[in-house]
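What follows draws every value from the coordinates through simple rules; no lab data is involved. This one's a predicted model, so the numbers in the text were calculated from it and none came from an experiment. Reconstructed Cβ throughout: ideal geometry from the backbone, glycine too, with neighbour counts over all protein chains shown.
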Amino acid sequence: MAAPRTCGLWSYCGRGLSRAKRNCGLPGLRSSWPWGPLGARLLSQEKRATETHFGFETVSEEEKGGKVYQVFESVAKKYDVMNDMMSLGIHRVWKDLLLRKMHPLPGTQLLDVAGGTGDIAFRFLNYVQAQHQGKQKKQLRAQQNLSWEEIAKKYQNEEDSLGGSLVMVCDINREMLKVGKQKAFDRGYKAGLAWVLGDAEELPFDDDKFDVYTIAFGIRNVTHIDRALQEAHRVLKPGGRFLCLEFSQVNNPLISSFQVIPVLGEVVAGDWKSYQYLVESIRKFPSQEAFKEMIEDAGFQKVTYESLTSGIVAIHSGFKL
Amino acid sequence: MATLLRRALFPLRRIPSSPRPAAGKSHGAGLLYPDHIPTSPLQKALLAAGSAGMALYNPYRHDMIAVLGETTGCHTLKVLRDQMKRDPEGAQILQERPRISLSTLDLGKLQSLPKGSFGREYLRFLDVNRVSPDTRAPTRFVDDEELAYVIQRYREVHDMLHTLLGMPTNILGEIVVKWFEAVQTRLPMCILGALFGPVRLSAQSLQVLVSELIPWAVENGRRAPCVLNLYYERRWEQPLRALREELGITAPPLRVQGLA
């Protein structure tokens, strides 16, 4: 029967197709793809997809990447200050809640995408370190009858305070990474931290590498969100978790705050346009339910979301099973 | 009351679900001039307050003073524009819209002018104080295209005033020029700058300022016709002394150090 066969072909070529899409840049190749209905669908999607939105402006897709890059290049140095001002410091609570939801145990390999200035990475390191120390304390307490030699050996093996955990911070923007590296240096974070320049739509990592993938306030700036979600699915290990912290649709529209944010940006940072973009890009981002469906489309299962602060932000979570 | 509040929050359109400013949707559409950023009355009020505070906190933020001028000056700019229209030279300026920048100034020609001429003295002022006419920020928050030009012209003419008054660009000189401008233009930003600028001065400078410089600036400001009505670009050859006489500007008290 035709139907089940095409279904089987569909699920088989789903992932391979996405990779083929990335590798071959020639539209001609796509139209000669053997699977007819698939080829037609791709072409029509391609035509519709040449334009996208940059806040409320309509731009071509090539333009959006460049424009977003410029926005973050200009805000990088004042990024943390502006976050504090705009959310009145609440963004720290949101990020802490994300970590608590993640509940990483020592030994976790985390990939933090669009994590430029390192907020999630540093919290992760603190968390696993605290967990590791807690575990070690419990171990020591349980082993009461140790010889002096064994105790001395335990103290000598204090090299890895993180228990094998590693966080890879990946960002497309050099300026944001620079600010992050400087922060890490200032705060004394050295072990378990790596900084990589990379594009969320095309991650420079192999398949099945990470236990957790996070993207905090980054995914709305990506030109093709579906590609980023597919990449997330690819680099996670089976059993791995996808976590996304992002602005969402508010239940009670906070009209004033969207007017105030560009004003704050102008007065504090001398930059109206970047913060106007921020406000508009929040408006354009899909709702909690719609985003949940996008995550499910990428292949994640058990997708849930939790709205915080009456819907200003939401944490979406999914598993690769 | 609710409608008043709504009108304050939403500038042009009255759709409650999309309170963003109506213009500025796509590139250029609805913008009155390049660099125009439409703002609601609430945003203008916040900008005015915020820029005033930031300018006091950090006097090196010249962009904040510019923003303050744009957000507080809408009524005064209309008065200035009407005054310019009534004067023949001013009306010409409004029509031809000359801009003062390094690209429009013919520096070679100014250099070749005789010493003592307005153009030559202006060039000397730029050199000695190491300023350039290109550091003026473009207008962004004025919601009328002609008024945006008026305030831009006012900013570009500021350096001319330094030359005419013989004031350097140190803080004392700037305050004196601000007093002159406040009396001449009555822009709220000038008045605020004139009143709050001296806050950061030493007692000695303050004394000199209050006893001699401010009365001199106010007197000259009252006496002179509106300085925005002068087509400076046509008066480069005019001797500076003659220009000063025409405007009724007397020599400054000699105590101000530095050159203009």
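Say whether the condition of being over 26 Å from B:Phe118 (Cα atoms), free of Cβ contacts under 8 Å to residues at least 60 places away in the same chain and surrounded by fewer than 18 Cβ atoms within 10 Å (Cβ to Cβ) is met by at least one residue in segment B:216-228.
Among the residues of segment B:216-228, not one is over 26 Å from B:Phe118 (Cα atoms), free of Cβ contacts under 8 Å to residues at least 60 places away in the same chain and surrounded by fewer than 18 Cβ atoms within 10 Å (Cβ to Cβ), which makes the answer no.
So is B:Gln95 in contact with a Cys (Cβ under 6 Å, 6 or more places away or on another chain) and either more than 23 Å from B:Leu147 (Cα to Cα) or away from chain A (no Cβ under 11 Å) (or both) or not?
Values: in contact with a Cys (Cβ under 6 Å, 6 or more places away or on another chain): no; either more than 23 Å from B:Leu147 (Cα to Cα) or away from chain A (no Cβ under 11 Å) (or both): yes.
So B:Gln95 does not fit the description; no.
Hey, could you check segment B:73-92 for residues that are crowded, with 21+ Cβ neighbours inside 10 Å and within 13 Å of B:Gln152 (Cα to Cα) and say which is nearest to the other protein chains (Cβ to nearest Cβ)?
Here the answer is B:Gly73.
Look through segment A:280-296, keep the residues that are part of a helix (DSSP H, G or I) and closer than 14 Å to A:Leu229 by Cβ, and return whichever of them is nearest to the other protein chains (Cβ to nearest Cβ). Steps first, please.
First, the residues of segment A:280-296 that are part of a helix (DSSP H, G or I): A:280-284, A:288-296.
Checking the rest, the ones that are also closer than 14 Å to A:Leu229 by Cβ come to A:290-296.
Values: A:Ala290: 17, A:Phe291: 20, A:Lys292: 23, A:Glu293: 23, A:Met294: 23, A:Ile295: 26, A:Glu296: 28 Å.
By that ranking, first place goes to A:Ala290.
Is it fair to say A:Lys183 is touching a residue at least 60 places away in the same chain (Cβ under 8 Å), farther than 15 Å from A:Val68 by Cα and of a type in the set (Lys, Arg)? Walk me through it before giving the result.
Working: touching a residue at least 60 places away in the same chain (Cβ under 8 Å): yes; farther than 15 Å from A:Val68 by Cα: yes; of a type in the set (Lys, Arg): yes.
Considered against the rule, which asks whether it is touching a residue at least 60 places away in the same chain (Cβ under 8 Å), farther than 15 Å from A:Val68 by Cα and of a type in the set (Lys, Arg), A:Lys183 comes out as yes.
So that you can scan it fast, the table gives a plain yes or no per residue for (1) buried (at least 17 other Cβ atoms within 10 Å of the Cβ); (2) under 18 Å from A:Phe210 (Cβ atoms); (3) of a type in the set (A, V, I, L, M, F, W, C):
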residue: A:Ser74; (1), (2), (3): no, no, no
residue: A:Arg92; (1), (2), (3): no, no, no
residue: A:Leu99; (1), (2), (3): yes, yes, yes
residue: A:Gln109; (1), (2), (3): yes, yes, no
residue: A:Asp119; (1), (2), (3): yes, no, no
residue: A:Ser147; (1), (2), (3): no, no, no
residue: A:Ile151; (1), (2), (3): no, no, yes
residue: A:Asp171; (1), (2), (3): yes, yes, no
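Hey, among B:Ile100, B:Ile93, which residue is touching a helix residue (DSSP H, G or I) at 6+ places or on another chain (Cβ under 9 Å) and part of a helix (DSSP H, G or I)? Give the steps one after another, and end with the answer.
Values: B:Ile100 fails: part of a helix (DSSP H, G or I).
Sole residue among the options that is touching a helix residue (DSSP H, G or I) at 6+ places or on another chain (Cβ under 9 Å) and part of a helix (DSSP H, G or I): B:Ile93.
Among the residues of segment A:297-313, count how many are within 16 Å of the chain's Cα centre (by Cα) and either outside any strand (DSSP E or B) or under 16 Å from A:Ile219 (Cα atoms) (or both).
Residues flagged as within 16 Å of the chain's Cα centre (by Cα) and either outside any strand (DSSP E or B) or under 16 Å from A:Ile219 (Cα atoms) (or both) within segment A:297-313 amount to 4.
Would you confirm whether or not segment A:127-139 contains a residue that is under 17 Å from the mean Cα position of the chain (by Cα) and either more than 22 Å from A:Lys273 (Cα to Cα) or more than 14 Å from every other protein chain (Cβ to nearest Cβ) (or both)? Before you say what the answer is, go through the steps one by one.
Residues of segment A:127-139 under 17 Å from the mean Cα position of the chain (by Cα): none.
No, every residue in segment A:127-139 fails to be under 17 Å from the mean Cα position of the chain (by Cα) and either more than 22 Å from A:Lys273 (Cα to Cα) or more than 14 Å from every other protein chain (Cβ to nearest Cβ) (or both).
Which members of segment B:108-119 meet the condition of being touching an Asp or Glu at 6+ places or on another chain (Cβ under 9 Å) and assigned to a helix (DSSP H, G or I)? Give the derivation first.
Going through segment B:108-119, the residues touching an Asp or Glu at 6+ places or on another chain (Cβ under 9 Å) turn out to be B:113-115, B:117-119.
Selection gives B:Phe118, B:Gly119.
Could you tell me whether segment B:58-72 includes any residue that is assigned to a helix (DSSP H, G or I), closer than 25 Å to B:Ala224 by Cα, among the charged types (D, E, K, R) and away from every other protein chain (no Cβ under 14 Å)?
Taking every residue of segment B:58-72 in turn, none turns out to be assigned to a helix (DSSP H, G or I), closer than 25 Å to B:Ala224 by Cα, among the charged types (D, E, K, R) and away from every other protein chain (no Cβ under 14 Å).
From the list A:Lys153, A:Lys183, A:Lys190, exactly one residue is assigned to a loop (DSSP other than H, G, I, E, B) and either over 18 Å from the mean Cα position of the chain (by Cα) or not basic (Lys, Arg) (or both). Which is it?
Numbers: A:Lys153 fails: assigned to a loop (DSSP other than H, G, I, E, B); A:Lys183 fails: assigned to a loop (DSSP other than H, G, I, E, B).
After ruling out the rest, the residue left standing is A:Lys190.
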